[in-house]
C-alpha cells in the first residue's frame, strides 16, 4: 500500500519532467491507476481484517478528492493538446 501511495505523486513528478504534454497526461493516467490500486488494497485489507472500516473511514474520502484532482488536471492538460 505504501508503494502504491508513493507511486501517485511520483508518477505526476515523472510526467511533469517529460518533454511533451502527451507524456504528462499519460503519467496522470498511471497515477490514477496507482490510486485505484491503493483503493483495492485498502478494501482487501479490510476484508481480510488487517484493519477495520472505522480505522480507514478518513482515507476513502481523501482518495475520492485525489481522484477528482487528478481528473481535473488531466482534463486541463488534454484541452491544451486538443
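The values are calculated or read from the model by the stated rules, or taken from the named source; none is laboratory data. Being a predicted model, the structure only gives us computed values, none of them experimental. Reconstructed Cβ throughout: ideal geometry from the backbone, glycine too, with neighbour counts over all protein chains shown.
Quick notes
- Residue ranges of helices (runs of 4 or more DSSP H) in the chain with at least 3 members on the phi > 0 side of the Ramachandran plot, within 12 Å of the chain's Cα centre (by Cα) and at pLDDT below 95: none
- Verdict on residue 82 being surrounded by fewer than 12 Cβ atoms within 10 Å (Cβ to Cβ) and over 20 Å from residue 1 (Cα atoms): yes
- Count of residues meeting criterion [in contact (Cβ under 8 Å) with a residue 24 or more places away in the chain and in contact with a helix residue (DSSP H, G or I) (Cβ under 6 Å, 6 or more places away or on another chain)] in the stretch 42-65: 1
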